[in-house]
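For reference, the structure is listed below as C-alpha coordinates.
The values are calculated or read from the model by the stated rules, or taken from the named source; none is laboratory data. Quick caveat: nothing in here was measured; it's all calculated off a predicted structure. All Cβ positions, glycine included, derive from the backbone under ideal geometry; neighbour counts span all protein chains shown.
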(Lines give C-alpha, C1' and ligand atoms only; values in the text may rest on other atoms or scores of the structure.)
Protein backbone atom coordinates (compact mmCIF):
# COMPACT_ATOMS: atom_id res chain seq x y z
CA UNK A 1 0.00 0.00 0.00
CA UNK A 2 2.78 2.39 0.96
CA UNK A 3 4.64 1.57 -2.24
CA UNK A 4 1.61 2.28 -4.46
CA UNK A 5 1.06 5.65 -2.75
CA UNK A 6 4.72 6.51 -3.33
CA UNK A 7 4.48 5.45 -6.97
CA UNK A 8 1.34 7.56 -7.50
CA UNK A 9 2.88 10.50 -5.67
CA UNK A 10 6.06 10.19 -7.75
CA UNK A 11 3.98 10.03 -10.93
CA UNK A 12 2.06 13.18 -9.95
CA UNK A 13 5.28 15.05 -9.13
CA UNK A 14 6.79 14.08 -12.48
CA UNK A 15 3.56 14.96 -14.30
CA UNK A 16 3.32 18.34 -12.56
CA UNK A 17 6.98 19.20 -13.12
CA UNK A 18 6.71 18.31 -16.81
CA UNK A 19 3.61 20.39 -17.40
CA UNK A 20 4.41 23.56 -19.28
CA UNK A 21 2.33 26.56 -18.36
CA UNK A 22 4.12 28.59 -21.03
CA UNK A 23 2.78 29.44 -24.46
CA UNK A 24 1.84 26.63 -26.80
CA UNK A 25 2.34 28.63 -30.01
CA UNK A 26 4.67 31.36 -31.17
CA UNK A 27 3.73 34.95 -30.41
CA UNK A 28 3.06 36.01 -33.99
CA UNK A 29 0.73 33.06 -34.58
CA UNK A 30 -1.11 33.85 -31.35
CA UNK A 31 -1.64 37.44 -32.49
CA UNK A 32 -2.61 36.33 -36.00
CA UNK A 33 -5.22 33.98 -34.56
CA UNK A 34 -6.49 36.54 -32.03
CA UNK A 35 -5.53 34.31 -29.11
CA UNK A 36 -5.16 36.88 -26.34
CA UNK A 37 -4.55 34.19 -23.70
CA UNK A 38 -1.49 32.92 -25.59
CA UNK A 39 -0.25 36.48 -26.05
CA UNK A 40 -0.57 36.99 -22.28
CA UNK A 41 1.36 33.74 -21.68
CA UNK A 42 4.16 35.08 -23.87
CA UNK A 43 4.23 38.31 -21.91
CA UNK A 44 4.17 36.43 -18.60
CA UNK A 45 6.99 34.13 -19.72
CA UNK A 46 9.20 37.06 -20.72
CA UNK A 47 8.98 36.99 -24.51
CA UNK A 48 10.49 40.20 -25.89
CA UNK A 49 7.47 41.75 -27.58
CA UNK A 50 9.65 44.49 -29.08
CA UNK A 51 12.04 42.13 -30.84
CA UNK A 52 9.99 39.30 -32.32
CA UNK A 53 9.79 40.13 -36.04
CA UNK A 54 8.36 37.93 -38.74
CA UNK A 55 11.41 35.94 -39.89
CA UNK A 56 13.39 36.74 -43.03
CA UNK A 57 12.13 35.01 -46.13
CA UNK A 58 8.54 34.98 -44.86
CA UNK A 59 5.82 37.26 -46.23
CA UNK A 60 5.82 40.52 -44.27
CA UNK A 61 9.31 39.81 -42.94
CA UNK A 62 10.47 42.24 -40.29
CA UNK A 63 7.00 43.15 -39.06
CA UNK A 64 6.82 43.29 -35.26
CA UNK A 65 4.01 41.96 -33.00
CA UNK A 66 2.30 45.32 -32.41
CA UNK A 67 2.13 45.93 -36.16
CA UNK A 68 0.57 42.49 -36.65
CA UNK A 69 -2.06 43.22 -33.98
CA UNK A 70 -2.86 46.55 -35.64
CA UNK A 71 -3.15 45.05 -39.12
CA UNK A 72 -5.36 42.27 -37.75
CA UNK A 73 -7.51 45.07 -36.27
CA UNK A 74 -7.29 43.46 -32.85
CA UNK A 75 -7.64 46.37 -30.46
CA UNK A 76 -7.59 44.14 -27.36
CA UNK A 77 -4.28 42.53 -28.26
CA UNK A 78 -2.77 45.85 -29.37
CA UNK A 79 -3.78 47.38 -26.03
CA UNK A 80 -2.40 44.38 -24.12
CA UNK A 81 0.92 44.69 -25.93
CA UNK A 82 1.14 48.45 -25.30
CA UNK A 83 0.14 48.03 -21.65
CA UNK A 84 2.99 45.55 -21.30
CA UNK A 85 5.71 47.65 -22.87
CA UNK A 86 5.30 47.34 -26.63
CA UNK A 87 7.01 50.31 -28.24
CA UNK A 88 4.37 52.48 -29.92
CA UNK A 89 7.17 53.87 -32.10
CA UNK A 90 8.59 50.50 -33.14
CA UNK A 91 9.68 50.22 -36.76
CA UNK A 92 9.37 47.20 -38.99
CA UNK A 93 12.75 45.66 -39.70
CA UNK A 94 12.35 45.96 -43.45
CA UNK A 95 13.44 48.31 -46.24
CA UNK A 96 10.69 50.87 -45.50
CA UNK A 97 11.47 51.08 -41.79
CA UNK A 98 7.92 52.30 -41.21
CA UNK A 99 6.38 52.70 -37.78
CA UNK A 100 3.11 51.23 -36.58
CA UNK A 101 1.10 54.34 -37.51
CA UNK A 102 2.45 54.29 -41.07
CA UNK A 103 1.26 50.69 -41.42
CA UNK A 104 -2.21 51.49 -40.04
CA UNK A 105 -2.53 54.42 -42.45
CA UNK A 106 -1.24 52.53 -45.49
CA UNK A 107 -3.62 49.61 -44.90
CA UNK A 108 -6.45 51.97 -43.93
CA UNK A 109 -7.08 50.40 -40.54
CA UNK A 110 -9.26 53.32 -39.54
CA UNK A 111 -10.10 52.25 -35.98
CA UNK A 112 -6.42 51.85 -35.17
CA UNK A 113 -5.26 55.30 -36.32
CA UNK A 114 -6.94 57.26 -33.49
CA UNK A 115 -6.07 54.48 -31.02
CA UNK A 116 -2.37 54.65 -31.91
CA UNK A 117 -2.33 58.45 -31.74
CA UNK A 118 -4.01 58.38 -28.31
CA UNK A 119 -1.44 55.78 -27.26
CA UNK A 120 1.40 58.16 -28.14
CA UNK A 121 2.28 57.47 -31.77
CA UNK A 122 4.14 60.36 -33.40
CA UNK A 123 2.01 61.70 -36.27
CA UNK A 124 5.10 63.28 -37.83
CA UNK A 125 7.53 60.36 -37.79
CA UNK A 126 9.38 59.75 -41.04
CA UNK A 127 9.98 56.34 -42.60
CA UNK A 128 12.91 55.27 -44.79
CA UNK A 129 11.11 56.63 -47.85
CA UNK A 130 10.98 60.10 -46.31
CA UNK A 131 7.22 59.92 -45.70
CA UNK A 132 5.19 60.91 -42.68
CA UNK A 133 1.90 59.11 -42.01
CA UNK A 134 0.13 62.06 -43.71
CA UNK A 135 2.31 61.64 -46.82
CA UNK A 136 1.44 57.95 -46.80
CA UNK A 137 -2.27 58.77 -46.50
CA UNK A 138 -2.09 61.18 -49.44
CA UNK A 139 -0.39 58.52 -51.57
CA UNK A 140 -3.09 56.02 -50.66
CA UNK A 141 -5.77 58.61 -51.47
CA UNK A 142 -4.29 59.17 -54.92
CA UNK A 143 -4.23 55.41 -55.52
CA UNK A 144 -7.85 54.91 -54.43
CA UNK A 145 -9.42 57.87 -56.23
CA UNK A 146 -11.71 55.57 -58.25
CA UNK A 147 -13.03 53.73 -55.19
CA UNK A 148 -15.48 55.89 -53.23
CA UNK A 149 -15.48 53.60 -50.17
CA UNK A 150 -11.69 53.52 -49.86
CA UNK A 151 -11.53 57.24 -50.58
CA UNK A 152 -13.96 57.90 -47.72
CA UNK A 153 -11.88 55.76 -45.35
CA UNK A 154 -8.60 57.46 -46.24
CA UNK A 155 -10.20 60.91 -46.02
CA UNK A 156 -11.37 59.99 -42.51
CA UNK A 157 -7.80 58.96 -41.65
CA UNK A 158 -6.38 62.18 -43.16
CA UNK A 159 -8.85 64.18 -41.07
CA UNK A 160 -7.77 62.37 -37.87
CA UNK A 161 -4.10 62.95 -38.71
CA UNK A 162 -4.70 66.65 -39.44
CA UNK A 163 -6.66 67.10 -36.20
CA UNK A 164 -3.62 65.77 -34.37
CA UNK A 165 -1.05 68.04 -35.99
CA UNK A 166 0.20 65.82 -38.79
CA UNK A 167 2.32 67.44 -41.48
CA UNK A 168 3.87 66.31 -44.73
CA UNK A 169 7.61 65.68 -44.48
CA UNK A 170 8.40 68.75 -46.61
CA UNK A 171 6.92 70.95 -43.83
CA UNK A 172 8.97 69.47 -41.01
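Do any helices (runs of 4 or more DSSP H) entirely within region 1-108 hold 1 or more residues that are more than 30 Å from residue 153 (Cβ to Cβ), at pLDDT 90 or above and in contact with a helix residue (DSSP H, G or I) (Cβ under 6 Å, 6 or more places away or on another chain), and if so, which?
Those helices (runs of 4 or more DSSP H) span 36-44.
Among the residues of region 78-107, write down those that are more than 12 Å from the chain's Cα centre (by Cα) and within 17 Å of residue 54 (Cα to Cα).
93, 94, 95, 96, 97, 98
Hey, among 93, 99, which residue is farther than 16 Å from residue 31 by Cβ and without any contact (Cβ under 8 Å) to a residue 40 or more places away in the chain?
When all the criteria are applied, what remains is 99.
Mind checking which residues of region 33-51 are surrounded by fewer than 18 Cβ atoms within 10 Å (Cβ to Cβ) and under 11 Å from the mean Cα position of the chain (by Cα)?
Once the filter is applied, which keeps residues that are surrounded by fewer than 18 Cβ atoms within 10 Å (Cβ to Cβ) and under 11 Å from the mean Cα position of the chain (by Cα), region 33-51 yields only 50.
I need every pair where a residue in region 114-128 that is on the phi < 0 side of the Ramachandran plot and surrounded by fewer than 17 Cβ atoms within 10 Å (Cβ to Cβ) has its Cβ under 7 Å from the Cβ of a residue that is modelled with pLDDT under 95 and in a loop (DSSP other than H, G, I, E, B), sequence separation at least 6 or different chains.
128/95; 128/96; 128/97
Taking region 109-132 on its own, how many of its residues are farther than 17 Å from residue 152 by Cα and either under 12 Å from the mean Cα position of the chain (by Cα) or not in a loop (DSSP other than H, G, I, E, B) (or both)?
4
Can you tell me which residues in region 143-154 are farther than 12 Å from residue 106 by Cα and assigned to a helix (DSSP H, G or I)?
148, 149, 151, 152 - these are the residues of region 143-154 that are farther than 12 Å from residue 106 by Cα and assigned to a helix (DSSP H, G or I).
Quick check on this structure: which one of 133, 168 is at pLDDT 95 or above and over 24 Å from residue 66 (Cα atoms)?
Unique residue meeting the criteria: 168.
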